[in-house]
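Right, one structure below, let's go through it.
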């Protein structure tokens, strides 16, 4: 796994995944294969019967014999039509059920990814895999899969029929197909890498668009428009080059194949004509063999088109299946913490190739304590909060809860133990009730209203047209930033964690509402551990202790009064913020 993208599955992994999906619905797959075989057998009767009719006419037999053979030919054609339609129906049902399994596995694997992995990969990569790549795989399972199966069986049976008519003509037909095999090998050696590069470039475009859209105000404020436009153009240019490369592969592959189609038919007609002229083969056999090889054109053309599509979908499937190779969150059977005490011991952390941002931090947070972490921007406050919440693992040192490393806790246990609430929030499509029940599916209306009241959101929710059942998002009620943040905090109240980390979680609220919300949360979580990371120093004033971060170090720790009296960094911040700096 690279730092920029989630991992991509190897070809062997993709094959094993495909076999696993086939085994999951093997009855439908077997039925589709059997029906396709029967349809192919019925289709083989046409050229053979036509050859028989030619021989009957040359031998001077009556019209009745020709009529009988023509009637059998009509019945076989009708049987082929019905069997082929039945096989396609079964194949499409197999494809839809298999696609549903692919989607469910993708969602399960995405939810099992650690938050740090998702953040480092970026939303664009994950979004592209969950939309464009899954859709490509779905199209293949629904359309390309059944078509490839049907036409492969027909090609195989047609070649066998030519060998049955005359082994020499069969060998000749296979030899004349060699140019197609050479063109296919040339294409397959290059196609997978080309389509993987195209998929990665598409992810980069999606990531840049998503990042620019979400940070539009910051881009405007810092006048970064030209830089973002330049980055977008670079990503689009890379995407264009990768798409032109795959287009080049197709433009070489398909013309070479189209020219090669005529070789088997021409070869059989020439050699078969010579054999017929010497009395070694009947005219009907020559015509039947030529028709069988002519029949190969349509299914073989479909196979090669689907093979090209399979390279694209195979690359997409490798990206979708690649989530199985990504790091997974700790399983649910993780150790149980002895208590809620948090210990940070000699913790160091650095982001990727960047310098170290935390330099040996030591901190103990007692159960039920309200701790405020303050300091200038870039001091390491947010990084520390992510380590405390188990989002990231320290580069060195340990962060434990009740004696258990935070990173060893399973997802459900971690959410019940520690919850991190940041400035970032999300309103899910659905009703207000749906947005709250995510945190506690069994909560009743009384509990929902209590959670909303705890964060000061009950007033505006009661004014909505349908109260808790009011739809939010597109086509429904549009929440502003403060309302969305209050919903996120209400979910925290319902989750009822032992430790709550607020990383400027009330930044989008006005100061009065923010203070009311923080105090309401403190009242609801009485007896819980609350760690507040904020620039507003009234939070520090209300806390039991204050930790001061500077340049990745914990420089001061104590109560508000103790730190003001000490006249250090915190005292300077307090006097500056409060406007009573002594002269």
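Of the residues 161, 84, 100, only one is surrounded by 19 or more Cβ atoms within 10 Å (Cβ to Cβ), over 24 Å from residue 420 (Cβ atoms) and modelled with pLDDT of 80 or more; which?
Of 161, 84, 100, the one residue that is surrounded by 19 or more Cβ atoms within 10 Å (Cβ to Cβ), over 24 Å from residue 420 (Cβ atoms) and modelled with pLDDT of 80 or more is 84.
Tally the residues that are under 36 Å from the mean Cα position of the chain (by Cα), part of a loop (DSSP other than H, G, I, E, B) and under 17 Å from residue 552 (Cα atoms), restricting the search to segment 358-397.
Residues flagged as under 36 Å from the mean Cα position of the chain (by Cα), part of a loop (DSSP other than H, G, I, E, B) and under 17 Å from residue 552 (Cα atoms) within segment 358-397 amount to 8.
Among all residue pairs at least 6 apart or on different chains, which show Cβ distances below 6 Å where the first residue, located in segment 396-414, is over 15 Å from residue 500 (Cα atoms) and the second is assigned to a helix (DSSP H, G or I)?
399/387; 399/406
Tell me the residue from 32, 45, 24 that is in contact with a helix residue (DSSP H, G or I) (Cβ under 8 Å, 6 or more places away or on another chain), in the same structural domain as residue 193 (by TED's automatic domain parsing) and at pLDDT 85 or above, please.
It is 24.
Please state which one of 303, 270 is assigned to a helix (DSSP H, G or I), at pLDDT 75 or above and over 30 Å from residue 107 (Cβ atoms).
270
Among 154, 129, which is modelled with pLDDT under 75, touching a helix residue (DSSP H, G or I) at 6+ places or on another chain (Cβ under 8 Å) and either surrounded by 20 or more Cβ atoms within 10 Å (Cβ to Cβ) or part of a loop (DSSP other than H, G, I, E, B) (or both)?
On inspection, the qualifying residue turns out to be 154.
Give segment 223-258 a look and list any residue that's assigned to a helix (DSSP H, G or I), surrounded by fewer than 12 Cβ atoms within 10 Å (Cβ to Cβ) and at pLDDT below 85, or say none.
If the condition is that a residue be assigned to a helix (DSSP H, G or I), surrounded by fewer than 12 Cβ atoms within 10 Å (Cβ to Cβ) and at pLDDT below 85, then 251, 255 are the ones that fit.
Residue-by-condition table, conditions (1) within 15 Å of residue 137 (Cβ to Cβ); (2) within 32 Å of the chain's Cα centre (by Cα); (3) touching a residue at least 60 places away in the same chain (Cβ under 8 Å):
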| site | (1), (2), (3) |
| --- | --- |
| 267 | no, no, yes |
| 272 | no, no, yes |
| 280 | no, no, no |
| 297 | no, no, no |
| 317 | yes, yes, yes |
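Evaluate segment 542-556: report whether one residue or more is surrounded by 17 or more Cβ atoms within 10 Å (Cβ to Cβ), under 43 Å from the mean Cα position of the chain (by Cα), assigned to a loop (DSSP other than H, G, I, E, B) and at pLDDT 85 or above.
yes
Return yes when residue 218 is crowded, with 16+ Cβ neighbours inside 10 Å and either assigned by TED's automatic domain parsing to the domain that holds residue 296 or at pLDDT 90 or above (or both) and no when it is not.
Considered against the rule, which asks whether it is crowded, with 16+ Cβ neighbours inside 10 Å and either assigned by TED's automatic domain parsing to the domain that holds residue 296 or at pLDDT 90 or above (or both), residue 218 comes out as no.
Kindly provide the set of residues from segment 457-503 that are buried (at least 20 other Cβ atoms within 10 Å of the Cβ), at pLDDT below 80 and not in a helix (DSSP H, G or I), ordered by number.
503
The values are calculated or read from the model by the stated rules, or taken from the named source; none is laboratory data. The model shown is predicted, which means the values in this text are computed figures rather than measured ones. Don't worry about glycine lacking a Cβ; one is built from the backbone with ideal geometry, like all the others, and counts go over all protein chains shown.
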